[in-house]
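Single-structure report; data block below.
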Amino acid sequence: MVSRRQLLGMSIGGVTLLSGCADFVTGSGPLSVEASPATVPSNTLADTGYEVDREEAQTLREEFAAAGQTREVEATNQLAIYYKQFEIPDVGETETGVFAAVATPAVEIAGQEFNPVAELDHRELIEMFTEQYGEVSNLEQRGTETYTILGESVTASLFTAEAVMEGQSVDIRGQIAVMRNADDFIISAAVSPERIHEQAESSTPQLFESIEHAH
């Protein structure tokens, strides 16, 4: 399973072409990259009944070998997590409708792009987002959906899985999409229990297609 560190921390080991980054090569300073926030506007949240869980920056510092020495890379991701409460039979009212947008910076050095997102497929990414439901099993892809996000046609993968909530087995459904916009990659995901699928899915296109990116 993909770790939270891999997705939300953005591992960028493997960067090797460092010409033109003098401070980084000589060790006098880290290579710093920062994404711009990707968020859902307040009017969309009001229309769909979702609320802000958190909108925040997370910075990861990693060290790796470069030019025969150990050097540091500092990368800042922007996280936006939203939720909606639903009543689940045998479970109760829980914050089980979740939508997330993660902006992670594209790293370009000496004309070469290093894209950690490209190394993760949609299945690995949705596994990360379904961790909130605890133990998840039987993850299967069930097709695709197309959304217009930031003016581009983007394909989202649809998944189903089984999770355990409050001791009860619950079928869940998720969607995941990845796109490049300006200097960042944007990962967006929606996850909800199958039992409230129709309620949650009525809001999903609006959430995906309303994403704003402050680049």
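Any read-out appearing in this document is the output of simple, stated calculations on the displayed coordinates, not a laboratory observation. Everything numeric in this text was worked out from a predicted model, so none of it was measured. All Cβ positions, glycine included, derive from the backbone under ideal geometry; neighbour counts span all protein chains shown.
Figures for the structure shown
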| item | result |
| --- | --- |
| Packing-based exposure ordering (other Cβ within 10 Å, fewest first) of Thr146, Thr48 | Thr146, Thr48 |
| Residues whose placed amide H lies under 5 Å from that of Ala106, excluding near-sequence neighbours | Asp184, Phe185 |
| Residue order, fewest to most beta carbons within 10 Å, for Phe129, Phe185 | Phe185, Phe129 |
| Environment charge of Val40, counting only residues whose C-beta is closer than 14 Å and scoring Lys/Arg +1, Asp/Glu -1 | -4 |
| Inter-label distance, nm, simple model (7 Å from Cα along the C-beta direction), Asp53/Glu201 | 2.2 |
| Neighbourhood net charge (14 Å Cβ-Cβ; Lys/Arg +1, Asp/Glu -1) for Ala57 | -3 |
